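Student: Let me give you the structure first, and then I'll get to my questions.
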Amino acid sequence: MEINKFERYWLIAVGVTLGAFIAATIVAVTVFGIRLPSPVERVNPQRLDQTIFASPGVRKIADNRYEAVIVAKSWAFNAGPEAGSPPVLRFPRRSQVTFYVTSQDVMHGFQIEGHTINLELVPGQVARATVNFNRPGEYNIICNHYCGAGHHVMYGTIIVE
Amino acid sequence: MASITLPQLTEVPATPGTLKLVQRERLMIGAHIITAMLALMSGIFMGPFQAFHRSPTFIQYFPTIPVFTYYYQAVTAHGVMNALFFTTFFIIGFCYFVVERSLQRPIKSVLVGWAAYALMTIGLVIMLITILGAPQQSAVLYTFYPPNIAPALFYIGLVLLVVGSWLASANIFLTYRDWKREHPNERVPLAVFAILVNFIVWCVATIGVAVEVLFMLLPASLGILKTTDPQLARTLFWFFGHPLVYFWLLPAYVSWYTMLPRQAGGRLFSEPLARVAFLMFLVFSVPVGLHHQFSDPGVSASSKGIHTLLTLIVSVPSFMTAFNVGAALESAARNRGAKTLFDWPFKQKWGDPVVAAQLAGMLLFIAGGFSGLINASAQLNATIHNTSWVPAHFHQTLGGGVTLTYIAILYWLLPAIRGRALFSKPLALAQVFTWLIGMTLFGLAMGEAGLQGAPRRAITGQAPYLSPAAAFWLDMTAVSGVILMISSVLLYVNFFGTLFLSRQPAPAGEVPIETVSGDRTSPLWLERWGIWLGALGVLLLIAYGPVFAEVLDFQEGWNILRYMPTSNAPMP
């Protein structure tokens, strides 16, 4: 099977392009520490009261390090009584927060504006992600997975001080 | 629908490349194409109204948008009708036509062909009734993930569509087998080669959704099953969901590779590499579904990495297509007097709607291809996942490249079916260019809004969290909706005009379908399907074996489907 000279050049260019994409992915993982969600734990969505999700909220675990436990349900995020509804979470600048989120009913989404956190909340699965908040400002938490008629009003806010 | 009576076609001289449909073909192919266009009509006009719902400014001035008041019902109808029913009917009708013409024999069984059509049409009617009759309960969108469960009829409509498409696939495979027995040492024409790849991909991919619907969703909907597993359902759905997009794309590639060169006045650059490209689609288009699940908590990052790599590989045949078809278009322009390095894109038949629609589709598809490479890059997913960037992407590919190519096919095939000339060529051209402008703006606006955090499929016009930048781009989306609505109206004026108002006889000899393969250089082993299916099987085992082991969670014993939803359908 003969391959034309120009077509060969083209295929080499394609190879280089895709090589660059693959290299970018590897750099993102190794240098910038971007991680995709991986299995953490399974929970029974009807028995969340027997898990860490029994008392949602924010806990300080070290200097500038926090853990946030959040339960999504139609159509609100529950981040504990202190955060209110829709929840408002406050973190100081340069804090690192690990989110543990799950859904107690249908599929939901969990995206924080301007940050690299974007989780599918699958009932029965615990989603975990760690975020660094370096820039002061207000960032919305948006449910970005269709969850029924009230989907578009399901949100929360993070304030970085 | 099929009840439109088709008049006897005036016989035209049977010169090579002449389009002459016998009555049997006209009925079968006409039924599929016309039903496809009616399905599209019931979905396409939902689109602009969705764009209006998503625009804060529009909602401010028109708080209650008439006609389609429930946004999520419109999203469901738009997705199910356009992406599942329109495409499947159109592809089957078009592929019957190409197979019959290329192999110069009727499809294996006309009876099975009609049985398949009947099943799919019943499925279509059931689906429409369900979506219209139960707007809240059936608003599960075209991805229908549990624990949102639709009425059983929703799934029955899907089952009928898929089973009908399997019968149609078998019909095409058996037609090829009969041809191959009579021509053991011949290469099958490229168009049929591609169609065989397409239906193999379809049959493998639909296994995933068939298992999901038959063993999880339908029993849950009927109340037989009380539990489900959303993570397993998503994995099964995307086993189907990504190859599905190649099922849409490959028929468009058939047109670009085997028809457009002649329509544009050139010739294909390399047929052997076209075959290699299609075989790459066969092997690599299924084991890539996890790139839709990068954000899923229940699937390990290592499997996602493997699927990232495979997704980048499956872009190679599209790059090969860009070169091959691009070179064919260049040869066409040279024949028409193009001289310099960069004048050949302009020396195309931009005044011929059949060619212009495909060229416009390619422009959109190039944008869609690059936005797709971004989607496939795992590390960028967190920026765009479930934002309006994603519908921007697939409106450039499916709504742009694929649909405009189907429209190009419609503009020559419908006159042949009806036996009358296209109702209006200027209207067709206006339709193509308004579509190109509207979809370009749509892609830009939705993409930008997505980067500003606007989620996909949400009534963002009423959302409390939109940033001003996102709001601006969503308003621009509504503008593109107006342009695309005009384009859609033009499309259907021409469609019904050709069916009912056109008086000119159909022009003869316009359809460039190869009847024999002029290709003597492609190795015959490219047609050893067993090898390629084996390669696909091995790759599936590597790419999906660990994923299903993980999702089914065998470590804790056989306890799948253990999750009990607390609420069923999305309630108002």
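The values are calculated or read from the model by the stated rules, or taken from the named source; none is laboratory data. Everything numeric in this text was worked out from a predicted model, so none of it was measured. Cβ: placed from backbone, ideal geometry, glycine included. Neighbour counts: every protein chain shown.
Student: Look through B:Ala367, B:Ala360 and report the one residue that is at pLDDT 95 or above and surrounded by 23 or more Cβ atoms within 10 Å (Cβ to Cβ).
Tutor: On the way: B:Ala367 fails: surrounded by 23 or more Cβ atoms within 10 Å (Cβ to Cβ).
Selected residue: B:Ala360, the only one of B:Ala367, B:Ala360 that is at pLDDT 95 or above and surrounded by 23 or more Cβ atoms within 10 Å (Cβ to Cβ).
Student: Could I ask something else about it? Residue under question is B:Gly289, and the condition is that it be within 12 Å of chain A (Cβ to nearest Cβ) and either out of contact with any Lys or Arg (no Cβ under 9 Å at 6 or more places or on another chain) or at pLDDT 90 or above (or both); does it hold? Show your work before the answer.
Tutor: Working: within 12 Å of chain A (Cβ to nearest Cβ): no; either out of contact with any Lys or Arg (no Cβ under 9 Å at 6 or more places or on another chain) or at pLDDT 90 or above (or both): yes.
Judged against the criteria, B:Gly289 is not a match.
Student: Suppose the filter is assigned to a helix (DSSP H, G or I) and in contact (Cβ under 8 Å) with a residue 60 or more places away in the chain; does B:Phe86 pass it? Let's see the steps before the verdict.
Tutor: Values: assigned to a helix (DSSP H, G or I): yes; in contact (Cβ under 8 Å) with a residue 60 or more places away in the chain: no.
Here the answer is no, as B:Phe86 does not meet what is asked.
Student: Before we move on, is B:Ala338 among the small types (Gly, Ala, Ser) and without any contact (Cβ under 8 Å) to a residue 40 or more places away in the chain?
Tutor: yes
Student: Further question on the same structure: Only one of B:Ala408, B:Ala449, B:Ala458, B:Ala445 is in a loop (DSSP other than H, G, I, E, B), aliphatic (A, V, I, L, M) and surrounded by 24 or more Cβ atoms within 10 Å (Cβ to Cβ); which?
Tutor: B:Ala458
Student: Follow-up. Does A:Pro39 count as facing chain B (nearest Cβ under 7 Å) and either touching a Leu at 6+ places or on another chain (Cβ under 7 Å) or surrounded by 12 or more Cβ atoms within 10 Å (Cβ to Cβ) (or both)?
Tutor: Spelling it out, A:Pro39 is indeed facing chain B (nearest Cβ under 7 Å) and either touching a Leu at 6+ places or on another chain (Cβ under 7 Å) or surrounded by 12 or more Cβ atoms within 10 Å (Cβ to Cβ) (or both).
Student: Here's a follow-up. Take the residues of segment B:210-231 that are β-branched (Val, Ile, Thr) and crowded, with 22+ Cβ neighbours inside 10 Å: which is nearest to B:Phe144 (Cα to Cα)?
Tutor: My answer is B:Val213.
Results for (1) in a strand (DSSP E or B); (2) within 20 Å of B:Asp296 (Cα to Cα); (3) within 11 Å of the chain's Cα centre (by Cα), shown as yes or no for each residue.
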position: A:Val71; (1), (2), (3): yes, yes, no
position: A:Ser85; (1), (2), (3): no, no, no
position: A:Gln96; (1), (2), (3): yes, no, no
position: A:Tyr100; (1), (2), (3): yes, yes, yes
position: A:Gly109; (1), (2), (3): yes, yes, yes
position: A:Thr116; (1), (2), (3): no, yes, yes
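Student: When A:Gly57 is evaluated against the numbered criteria (1) within 14 Å of chain B (Cβ to nearest Cβ); (2) in contact (Cβ under 8 Å) with a residue 12 or more places away in the chain, which criterion, by number, is the only one it fails?
Tutor: (1)
Student: Just a yes or no: is a residue in segment A:123-134 closer than 16 Å to A:Ala76 by Cα and over 9 Å from the mean Cα position of the chain (by Cα)?
Tutor: Yes.
Student: Just to check your reading of the model, which residue among B:His385, B:His393 is surrounded by 22 or more Cβ atoms within 10 Å (Cβ to Cβ) and either without any contact (Cβ under 8 Å) to a residue 60 or more places away in the chain or of a type in the set (Lys, Arg) (or both)?
Tutor: Criteria check complete, one pass: B:His393.
Student: Do we find a residue being of a type in the set (Ser, Thr, Tyr) and touching a Lys or Arg at 6+ places or on another chain (Cβ under 6 Å) anywhere in segment A:66-82?
Tutor: First pass over segment A:66-82, keeping only residues of a type in the set (Ser, Thr, Tyr): A:66, A:74.
When the remaining residues are screened for being touching a Lys or Arg at 6+ places or on another chain (Cβ under 6 Å), the result is A:66.
Yes; the residues of segment A:66-82 include at least one that is of a type in the set (Ser, Thr, Tyr) and touching a Lys or Arg at 6+ places or on another chain (Cβ under 6 Å).
Student: Considering A:Gly80, A:Gly137, A:Gly109, which residue is more than 14 Å from every other protein chain (Cβ to nearest Cβ) and either within 19 Å of B:Ala454 (Cβ to Cβ) or modelled with pLDDT under 95 (or both)?
Tutor: A:Gly80
Table: residues versus (1) small (Gly, Ala, Ser); (2) closer than 25 Å to B:Tyr406 by Cα.
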| residue | (1), (2) |
| --- | --- |
| B:Ala77 | yes, yes |
| B:Arg105 | no, yes |
| B:Leu111 | no, no |
| B:Ala115 | yes, yes |
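Student: Next up: Can you name the residue in segment B:116-150 that is of a type in the set (Gly, Ala, Ser) and surrounded by fewer than 16 Cβ atoms within 10 Å (Cβ to Cβ) and, of all such residues, is modelled with the lowest pLDDT? If you could, list the steps in order and put the result at the bottom.
Tutor: As a first pass, look at segment B:116-150 and keep what is of a type in the set (Gly, Ala, Ser): B:116, B:118, B:123, B:133-134, B:138-139, B:150.
Subsequent filtering for residues that are surrounded by fewer than 16 Cβ atoms within 10 Å (Cβ to Cβ) retains B:118, B:133.
Working: B:Ala118: 98, B:Gly133: 91.
Checking each candidate, the answer is B:Gly133.
Student: Considering only segment A:136-154, I want to know if a residue exists there that is over 23 Å from A:Thr51 (Cβ atoms), in a loop (DSSP other than H, G, I, E, B) and charged (D, E, K, R).
Tutor: no
Student: Could I ask something else about it? Which one is farthest from the chain's Cα centre (by Cα) among residues in segment A:4-17 that are facing another protein chain (nearest Cβ under 7 Å) and at pLDDT below 90?
Tutor: This residue is A:Asn4.
Student: Please verify whether B:Val538 is more than 14 Å from chain A (Cβ to nearest Cβ) and at pLDDT below 65, treating the condition exactly as stated.
Tutor: Taking the combined requirement at face value, the residue does not satisfy it.
Student: One residue is enough: does segment B:261-272 have a residue meeting the conditions in a helix (DSSP H, G or I), within 24 Å of A:Asp105 (Cα to Cα) and within 14 Å of chain A (Cβ to nearest Cβ)? Outline the logic, then answer.
Tutor: Residues of segment B:261-272 in a helix (DSSP H, G or I): B:261-264, B:271-272.
Remaining after also requiring within 24 Å of A:Asp105 (Cα to Cα): none.
Checked segment B:261-272: no residue is in a helix (DSSP H, G or I), within 24 Å of A:Asp105 (Cα to Cα) and within 14 Å of chain A (Cβ to nearest Cβ).
Student: Could I ask something else about it? Restricting attention to segment B:113-138, which residues are within 17 Å of B:Phe85 (Cβ to Cβ) and within 14 Å of chain A (Cβ to nearest Cβ)?
Tutor: Matches in segment B:113-138: B:Ser138 only.
Every residue, every condition in (1) buried (at least 22 other Cβ atoms within 10 Å of the Cβ); (2) charged (D, E, K, R); (3) closer than 28 Å to B:Trp525 by Cα, yes or no:
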{"site": "B:Ala264", "(1), (2), (3)": "yes, no, no"}
{"site": "B:Val286", "(1), (2), (3)": "yes, no, yes"}
{"site": "B:Leu290", "(1), (2), (3)": "yes, no, no"}
{"site": "B:Gly298", "(1), (2), (3)": "yes, no, no"}
{"site": "B:Phe319", "(1), (2), (3)": "no, no, yes"}
{"site": "B:Ala333", "(1), (2), (3)": "no, no, no"}
{"site": "B:Asp343", "(1), (2), (3)": "no, yes, no"}
{"site": "B:Pro353", "(1), (2), (3)": "yes, no, no"}
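Student: Now for a different question. Please work out which one of (1) touching a residue at least 12 places away in the same chain (Cβ under 8 Å); (2) farther than 30 Å from B:His385 by Cα is the condition B:Ala478 fails and give its number.
Tutor: Unmet condition: (2).
Student: Which count do you get for residues in segment A:23-36 that are surrounded by 16 or more Cβ atoms within 10 Å (Cβ to Cβ) and closer than 30 Å to B:Ala274 by Cα?
Tutor: Result for segment A:23-36: 1.
Student: Then there is this: Of the conditions (1) among the charged types (D, E, K, R); (2) surrounded by fewer than 11 Cβ atoms within 10 Å (Cβ to Cβ); (3) in a helix (DSSP H, G or I), A:Glu2 fails just one. Which one is it?
Tutor: (3)
Student: Looking at segment A:43-50, can you tell me whether even one residue there is within 11 Å of another protein chain (Cβ to nearest Cβ), over 16 Å from A:Pro123 (Cβ atoms) and assigned to a helix (DSSP H, G or I)?
Tutor: no
Student: Within segment A:83-106, which residues are among the hydrophobic types (A, V, I, L, M, F, W, C) and at the interface with chain B (Cβ under 9 Å from one of its Cβ atoms)?
Tutor: Of everything in segment A:83-106, those that are among the hydrophobic types (A, V, I, L, M, F, W, C) and at the interface with chain B (Cβ under 9 Å from one of its Cβ atoms) turn out to be A:Val101, A:Val106.
Student: Of all the residues that make up segment B:139-168, how many are among the small types (Gly, Ala, Ser), under 24 Å from B:Trp202 (Cβ atoms) and within 14 Å of another protein chain (Cβ to nearest Cβ)?
Tutor: Number of matching residues: 1.
Student: Would you mention how many residues in segment B:306-318 are more than 8 Å from chain A (Cβ to nearest Cβ) and assigned to a helix (DSSP H, G or I)?
Tutor: Final tally of qualifying residues: 6.
Student: Among the residues in segment A:116-126, are any closer than 26 Å to B:Leu232 by Cα, away from chain B (no Cβ under 11 Å) and β-branched (Val, Ile, Thr)?
Tutor: Looking through segment A:116-126, none of the residues is closer than 26 Å to B:Leu232 by Cα, away from chain B (no Cβ under 11 Å) and β-branched (Val, Ile, Thr).
Student: Within segment B:450-483, restricting attention to residues that are of a type in the set (Val, Ile, Thr) and in contact with a His (Cβ under 7 Å, 6 or more places away or on another chain), which residue is nearest to the other protein chains (Cβ to nearest Cβ)?
Tutor: Per the criteria, the residue is B:Ile459.
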